[in-house]
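Trainee: Structure in structure tokens, see below.
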Amino acid sequence: MAARIRESGEGDDGETVRPPLLRELALVTALFLVYKFGRLFANGHETRAFRNADRVWDAERAIHLPSEESIQQLLLHGEPLVRAANTYYAAVHFPATLAFLVWLYLRRPAHYVWSRRVLALLTAAALALHLLMPLAPPRMLAAGGLVDTARIYGPSVYGATPETDSMANQFAAMPSLHFGWALMVAIGLIAATRSRLRVLWLLHPLLTLLVIVGTANHYWFDALAAAALLGLALLAVRTPGRRTTSPPVPRTLGTAPLPVGAHR
């Protein structure tokens with residue numbers, strides 16, 4: 001029972017208990033490696049990926065979602081803007097999530113454990129969907145008329161030839177973990193802080209959404225899928241501070257309640 005309390009980030013007196021640092025470093029490193037190598041393991045399904053891309057594009061148009069091109073045109077008004085978007089896509093995703101976890105570990109241990117578990121579930125579910133549904137991003141889809149802003153303007157995190165890219169699986173667009181992790185960072189910080197302005201943390205996933213769509217790395221559906229998986233992960237992990245109701249203690253058979261004021 002003591003081990004369970006310590007893992008949950010709550011001590012016997014109700015105060016938070018910080019998990020062991022070395023164990024957490026190992027867990028977060030493992031999460032990162034599963035994310036990277038799991039995506040590579042899902043590589044090699046280019047034909048299915050392009051077929052799925054056509055279906056996603058047609059489905060978005062069928063329900064009248066705005067074209068990803070409309071967001072990209074906003075970025076293409078100036079080269080500094082599109083470079084900034086490419087840099088945000090390449091450089092903010094992992095550092096922001098890592099900084100979020102470090103801050104929670106140091107300042108809000110119970111929220112750290114909760115967030116780490118949610119992120120792990122989200123990442124595992126995303127990798128499973130990458131395997132089940134390989135998807136070419138909109139920058140590769142001829143029907144979309146979009147340009148690969150990272151390749152043209154830089155910086156780019158992907159190889160020039162997607163089929164032989166040994167560093168990343170470029171056919172794992174759905175769901176967008178860029179958006180899913182950013183949304184969890186915002187939710188986690190809103191839950192862990194008390195500032196009246198904490199709702200502004202939602203600007204991070206909002207900006208991430210505009211970047212991933214505007215740079216043609218993801219469809220709208222990729223962000224929606226990530227949000228849905230995150231919602232399921234949040235439902236599966238107990239929120240810090242939410243107590244489970246203890247079951248009533250049964251009386252021993254053959255005993256009856258004592259009258260008021262009586263003693264055994």
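Trainee: For Ser115, state whether it is out of contact with any His (no Cβ under 9 Å at 6 or more places or on another chain) and more than 24 Å from Leu230 (Cβ to Cβ).
Mentor: No, not satisfied.
Trainee: Test Leu40 against the stated conditions and say whether it is of a type outside the set (Lys, Arg), under 22 Å from Met133 (Cα atoms) and at pLDDT below 70.
Mentor: For Leu40, the condition - of a type outside the set (Lys, Arg), under 22 Å from Met133 (Cα atoms) and at pLDDT below 70 - is met.
Trainee: Among the candidates Ala91, Ala26, single out the residue that is farther than 25 Å from Gly144 by Cα, out of contact with any Gly (no Cβ under 9 Å at 6 or more places or on another chain) and modelled with pLDDT of 90 or more. Show your work before the answer.
Mentor: Working: Ala26 fails: modelled with pLDDT of 90 or more.
Of Ala91, Ala26, the one residue that is farther than 25 Å from Gly144 by Cα, out of contact with any Gly (no Cβ under 9 Å at 6 or more places or on another chain) and modelled with pLDDT of 90 or more is Ala91.
Trainee: Moving to a separate point now. Taking the conditions exactly as written (surrounded by 15 or more Cβ atoms within 10 Å (Cβ to Cβ), on the phi < 0 side of the Ramachandran plot and either within 14 Å of the chain's Cα centre (by Cα) or at pLDDT 85 or above (or both)), does Ala192 satisfy them or not?
Mentor: Spelling it out, Ala192 is indeed surrounded by 15 or more Cβ atoms within 10 Å (Cβ to Cβ), on the phi < 0 side of the Ramachandran plot and either within 14 Å of the chain's Cα centre (by Cα) or at pLDDT 85 or above (or both).
Trainee: Considering only segment 32-45, I want to know if a residue exists there that is within 17 Å of Val185 (Cβ to Cβ) and in contact with a helix residue (DSSP H, G or I) (Cβ under 9 Å, 6 or more places away or on another chain).
Mentor: Yes: segment 32-45 contains one or more residues that are within 17 Å of Val185 (Cβ to Cβ) and in contact with a helix residue (DSSP H, G or I) (Cβ under 9 Å, 6 or more places away or on another chain).
Trainee: Let me ask something else. Run Tyr153 past the list (1) hydroxyl-bearing (Ser, Thr, Tyr); (2) at pLDDT below 95; (3) under 23 Å from Phe32 (Cβ atoms) and report the number of the one that doesn't hold.
Mentor: The one condition Tyr153 does not meet is (3).
Trainee: Would you tally the residues in segment 88-98 being surrounded by 15 or more Cβ atoms within 10 Å (Cβ to Cβ) and either in contact with an Asp or Glu (Cβ under 6 Å, 6 or more places away or on another chain) or not small (Gly, Ala, Ser) (or both)?
Mentor: Of the residues in segment 88-98, 5 are surrounded by 15 or more Cβ atoms within 10 Å (Cβ to Cβ) and either in contact with an Asp or Glu (Cβ under 6 Å, 6 or more places away or on another chain) or not small (Gly, Ala, Ser) (or both).
Trainee: Search segment 39-67 for residues that are among the acidic types (Asp, Glu) and pair each with any residue that is at pLDDT 95 or above and in a loop (DSSP other than H, G, I, E, B) when their beta-carbon atoms are under 7 Å apart and the residues are at least 6 apart or on different chains.
Mentor: Sorted first by the residue in segment 39-67, then by its partner, the pairs are Glu60/Tyr219.
Trainee: Yes or no: segment 122-135 includes at least one residue that is without any contact (Cβ under 8 Å) to a residue 24 or more places away in the chain, farther than 22 Å from Leu76 by Cα and surrounded by fewer than 17 Cβ atoms within 10 Å (Cβ to Cβ).
Mentor: The answer is yes, given that some residue of segment 122-135 is without any contact (Cβ under 8 Å) to a residue 24 or more places away in the chain, farther than 22 Å from Leu76 by Cα and surrounded by fewer than 17 Cβ atoms within 10 Å (Cβ to Cβ).
The values are calculated or read from the model by the stated rules, or taken from the named source; none is laboratory data. No experiment lies behind these values; they were computed from the predicted model shown. Neighbour counts are summed over all protein chains in view; Cβ atoms, including those assigned to glycine, are modelled from backbone coordinates with ideal geometry.
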